[in-house]
Structure formats: structure tokens, C-alpha cells
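Below is one structure; the comments refer to it alone.
The values are calculated or read from the model by the stated rules, or taken from the named source; none is laboratory data. Please read these numbers as outputs of a predicted model, since none were measured by experiment. Counting neighbours? That spans all protein chains shown, and the Cβs are built from the backbone with ideal geometry, glycine included. Surface accessibility is based on the protein's heavy atoms, side chains included, excluding ligands, DNA and RNA. Shrake-Rupley method; radii C 1.70, N 1.55, O 1.52, S 1.80 Å.
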Amino acid sequence: MPIEDRSVIEVTPEAAEAILGIRANEPDATDLALSVAIAGVSGPKFTYELTFIPIADAGGEDVMQVFGDLPVVVPAGSVERLTGATIAVSADGLAIDNPNSPSPRIPTGDLAGLEGPLAERIQSLLSQRINPAIASHGGFAELVAVEADTAFLRLGGGCQGCGMAQVTLRQGIEVAIREAFPEITRVVDVTDHASGENPYYEAAKK
């Protein structure tokens with residue numbers, strides 16, 4: 001049986017009514033739940049898969065909530081990334097407002113302990129703040145060089161070849177470095193993503 005005493009998402013009354021109207025066209029409609037799952041990443045945001053599934057097919061680690069006559073199931077693998085999201089009706093139809101980002105959150109705070117040459121301070125920021133944050137995604141970042149206003153980084157682990165690497169770099173790593181060190185205005189990724197486990201860059205053609 002799915003978990004039923006946990007709140008993950010919200011569905012507005014208007015959205016629930018619209019979804020129930022769609023479900024009414026399905027065979028055995030009252031036996032179906034709306035499944036809401038993370039499908040992937042497009043640009044800086046998640047993409048979603050909304051489908052009707054038999055309530056009996058919900059897994060034991062999935063979360064099921066009920067909005068009026070509408071059961072909603074969030075698969076276990078999507079629970080963390082959908083927590084706090086709201087399904088509502090917009091001008092274009094159903095929309096999901098999700099406060100979560102594909103990029104891991106990198107903590108900010110007092111950087112007074114970072115001393116020494118700029119390259120050493122950037123490396124300390126990577127070690128103390130950035131890498132522990134992106135380790136949850138199986139990746140890490142290392143400083144290759146600092147030239148003028150540009151920091152050159154190489155991403156490794158799960159970040160090498162990952163389609164989310166540029167999201168992590170631009171939304172997380174670059175923001176943290178530029179906030180901590182205003183003299184850095186560019187962060188360049190020099191990773192050979194084509195040799196990663198899931199390459200999203202094609203190797204250069206000769």
C-alpha cells in the first residue's frame with residue numbers, strides 16, 4: 001500500500017475538477033489515480049509526466065494523497081523533487097509550480113575563513129561548500145586555472161557527461177563563485193563531457 005499520511009504536493013480545487021473531467025472519459029475511471037512524476041530536465045526546469053494509473057498499482061514507497069474525489073500518486077523516485085509543488089490551472093491548461101530546481105542547492109554564508117591567493121580561495125570554496133552540495137548528485141568540481149576574470153573548472157563523477165551538468169554549473173556553481181569572488185565574471189567548463197557515462201556533447205569531428 002502507498003504511503004497516505006504524507007503531504008507532498010497540492011492540487012487546487014480548479015485543477016482537481018479539470019483532472020476529474022478528463023478522468024471521466026477513461027474506462028473504470030473511479031479506480032484510477034493521477035500519477036505525477038519527474039520525467040526529466042529541460043533547460044533550468046524539470047519536466048513532468050502526468051498519467052492515470054490503477055490505484056492498486058501504486059507502490060509501497062509511493063505517496064498517495066486525495067483531493068476530493070481525486071487520488072494523486074507521487075512515485076517514490078519523484079517525492080523529494082516534487083515536495084512543495086502545486087498543480088493549478090493556467091491559461092495554457094494544467095501547470096505545475098515547483099519550488100525545487102534540478103540544480104543542487106549550494107549554501108552561502110560567511111566566507112571570512114577563505115584566505116590566500118584567489119585560486120586557493122576558490123579551491124577552498126569548492127571543497128567546503130560546492131562539492132559537498134553536488135556530491136548528492138554524485139559529482140564534484142575541481143579548479144583547473146584562474147586567468148584574469150575567468151575561472152576554469154572541470155566536472156567529474158556523475159557530472160561528467162550528465163545532461164544536467166550545465167544547469168548545475170550555471171545555476172549553482174557559477175552563482176556561488178561569482179557571489180563569493182566578484183572579481184570572477186566568467187566560469188568556463190573545460191570538462192570532456194563526451195567521455196562521460198552519459199555524454200551529451202558529441203566529440204569534435206575531424
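Descriptive notes on the structure:
- Search result, residues across the range 48-76 that are small (Gly, Ala, Ser) and open to solvent by less than 60 Å² (accessible area, probe 1.4 Å): 58, 59, 60, 76
- Some residue of the range 18-29 being surrounded by fewer than 11 Cβ atoms within 10 Å (Cβ to Cβ), among the aliphatic types (A, V, I, L, M) and in contact with a strand residue (DSSP E or B) (Cβ under 9 Å, 6 or more places away or on another chain): no
- Put simply, of 90, 42 the only residue that is more than 27 Å from residue 172 (Cα to Cα), open to solvent by 20 Å² or more (accessible area, probe 1.4 Å) and not β-branched (Val, Ile, Thr) is 90.
- Only residues that are at pLDDT below 85 and either open to solvent by 50 Å² or more (accessible area, probe 1.4 Å) or closer than 11 Å to residue 177 by Cα (or both) were counted across the range 112-131, and they come to 6.
- Restricting attention to the range 132-157, the residues that are at pLDDT 75 or above and in contact with a Phe, Trp or Tyr (Cβ under 6 Å, 6 or more places away or on another chain) total 3.
Conditions (1) of a type in the set (Phe, Trp, Tyr); (2) part of a helix (DSSP H, G or I); (3) over 20 Å from residue 89 (Cβ atoms); (4) at pLDDT below 95, marked per residue:
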| site | (1), (2), (3), (4) |
| --- | --- |
| 1 | no, no, yes, yes |
| 8 | no, no, no, no |
| 14 | no, yes, no, no |
| 18 | no, yes, no, no |
| 21 | no, yes, no, no |
| 33 | no, no, no, no |
| 36 | no, no, no, no |
| 40 | no, no, yes, yes |
